[in-house]
1. State which residue is farthest from the ligand (Cβ to nearest atom) when the search covers only region 34-55 and only residues that are in contact with a strand residue (DSSP E or B) (Cβ under 9 Å, 6 or more places away or on another chain) and farther than 25 Å from Arg4 by Cβ.
2. Determine which member of the set Glu28, Glu55 is over 17 Å from Leu16 (Cα atoms) and either assigned to a helix (DSSP H, G or I) or at pLDDT 95 or above (or both).
Amino acid sequence: MTARRPRPQPPPGGLLDWRDASHWSRTEKPCRYCGFPTHLRDSKRSPAHKVCAEEALTIQAAEAAAAYQNGRLSD
Ligand SMILES: [Zn+2]
């Protein structure tokens, strides 16, 4: 029996657990962030290094926090 696992969410600390085989491809493709070849895939199956994806998550989180200062969107 194969139960579908829930979609992995970004962890609070920003470090991803990419030990799962779904994050590995036999084919090297350019990382979507830095352009260097990688076997790794992100949660959307796009080529990405783990460190690049973590950095992007950190930036996204910082931008979201900045945009929602005082509990609402700033201009
Ligand atoms: Zn990269």
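1. Taking the candidates together, the pick is Pro37.
2. Step by step, each of Glu28, Glu55 is checked, and only Glu28 is over 17 Å from Leu16 (Cα atoms) and either assigned to a helix (DSSP H, G or I) or at pLDDT 95 or above (or both).
The values are calculated or read from the model by the stated rules, or taken from the named source; none is laboratory data. Small disclaimer: the values here were computed from a predicted structure and weren't measured. For neighbour counting, all protein chains shown are included, and Cβ atoms are generated from backbone atoms with ideal geometry for every residue, glycine included.
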